[in-house]
Amino acid sequence: MSFITIILLILTGILAGGFGGLLGIGGGAIMLPIVRFGFGFSPSIAVGTTLVAVVFTAVAGSYQHWKMGHVDWKSIKYIAPAGVVGVIIGSVLFYWIRDYHELIDLILGIVFAPIAASMIYEGLFLRKKPDFPGRTMGGNTALKAGIGGSVGIFTGMSGLGGGFIMVPAFVYLLRSPVKIAIGSSMASFVWFATVGGIIKISQGLCDVPAALAMGIGAIGGALIGARLVSRIKPATLKTIFGFIFLYISLKYIFSYFGITI
């Protein structure tokens, strides 16, 4: 790997960490298409490398939320173990299809479609999410474990954090305050990403130097993003990135049919 490539990967991490922090989605959704199409990684290596890279942002982000008191640890003790089991299942399923590159592209295209739709909807129509009082989440143990397990499978299969699934699920299904939902989602994902990353490395589906370069850059980007939160309207960014992710979704899907856009 050349010095220039390493610098570009670090810049990719800074970009992903910065915008991920501003949008509350983590950096994986930004890193994945860049390493897939910009750096020419195979679909399976792109997924594994992204998942390992976002371990850095997950740890840094959860630490910040823990310091601010935005983590419901009593709920995480059910969400995280179920998520780890889900990650293992998802990683095994992904390993079976690792050589079916076109199929992986199609799956990722389908994954990016709801991300795009959710961001466009929130950016245009839901500029303020409903909030609930308190500092803990409601719901029963089975529901919390179900959310964790489902997102874990998604993470193992796609390499993405699933924050765009967990945060709304915590808010609407568990009646969680928004800040607690975001912090608890990030803290839960530390376990998902760590286990999933170890599995991807052991399966040979990760470019470790690239993951380290992006991860280090993403930490710096997250710090920059934190400083810009009060200056930039997240709703505007979500709308813009929603349409960008819509294009990414179509690019993945069209790639399955051999069409380049």
Taking Cα atoms only, helix 3-23 is inclined relative to the longest principal axis of the chain by an angle, in degrees rounded to 10, of 30 degrees
Once phi for every residue in the stretch 109-119 is put through the Karplus expression 6.51 cos²θ - 1.76 cosθ + 1.60 (θ = phi - 60°), the whole-Hz ³J(HN,Hα) values, with Gly and Pro written as x, are x, 5, 5, 6, 4, x, 4, 4, 4, 5, 5
In degrees rounded to 10, the 0-90 angle between helix 163-173 Cα long axis and the longest Cα principal axis of the chain is 30 degrees
Residues whose modelled amide H sits under 5 Å from the amide H of Ser176, counting only those 5 or more places away in sequence or on another chain, are Gly138, Val171
What helix-only [θ] at 222 nm does the chain give? Using -39500 (n - 2.57) per DSSP H run of at least 4, over all residues, to the nearest 500, the answer is -26000 deg cm²/dmol
Along the stretch 176-184, Karplus-curve 3J(HN,Hα) (6.51, -1.76, 1.60; θ = phi - 60°) to the nearest Hz, with x for Gly and Pro, reads 8, x, 4, 5, 5, 5, 5, x, 5
PRE zone check, label point 7 Å out along Cα-to-Cβ of Lys77, amide N under 11 Å, scope the stretch 180-205, hits none
Computed for the chain: size of charge dipole around the Cα centre, +1 on C-beta of each Lys and Arg, -1 on C-beta of each Asp and Glu, debye to nearest 20, value 920 debye
When Trp96, Trp66, Trp73 are ranked with the fewest other C-beta atoms within 10 Å first, the list becomes Trp96, Trp73, Trp66
Flagged as over-length at 29 Å C-alpha distance, from Lys67/Lys144; Lys144/Lys238; Lys74/Lys233; Lys144/Lys233, the pairs are Lys74/Lys233; Lys144/Lys233
Once both label points are put 7 Å beyond Cα along the C-beta direction, the Phe125-Trp66 separation in nm becomes 3.9 nm
Pseudo-spin-label distance Val208 to Leu250, built 7 Å along Cα→Cβ, given in nm, is 4.1 nm
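What is the dipole size for the stretch 107-261, taken about its Cα centre, with +1 at each Lys and Arg Cβ and -1 at each Asp and Glu Cβ, in debye to the nearest 20? Kindly include the intermediate steps, with their values, before the conclusion.
Numbers: 13 positive and 3 negative charges, 114 e Å.
Dipole about the Cα centre, nearest 20: 540 debye.
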Proxy exposure order for Leu212, Leu93 (fewest C-beta within 10 Å first) is Leu93, Leu212
Connecting every pair of Cα atoms under 10 Å apart in the chain and solving the GNM, the largest mean-square fluctuation among Phe192, Phe19, Phe243 falls on Phe243
To the nearest 10 degrees, the tilt of helix 208-228 (Cα long axis) against the first principal axis of the alpha carbons of the chain is 40 degrees
Whole-Hz Karplus couplings 3J(HN,Hα) for the stretch 54-62, θ = phi - 60° and coefficients 6.51, -1.76, 1.60, Gly and Pro as x, run 6, 4, 4, 5, 5, 5, 5, x, 5
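Can you give the longest stretch of the chain with no exposed loop site, where a site means trypsin sites (Lys or Arg not before Pro) in a DSSP loop (not H, G, I, E or B) with at most 10 other C-beta atoms within 10 Å?
Between exposed loop sites, the widest span is 1-127.
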Cβ density ranking, 10 Å radius, fewest first, applied to Thr49, Thr260, Thr12, Thr236 yields Thr260, Thr236, Thr12, Thr49
Note on the chain: contact order normalised by length, alpha-carbon pairs under 8 Å, 6 or more apart, percent, works out to 40 percent
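All of the numbers you see were taken from the coordinates with simple rules; none came from a lab. All values derive from a computational prediction rather than experimental measurement. Note: ideal-geometry Cβ built from the backbone for every residue, glycine included; neighbour counts use all protein chains shown.
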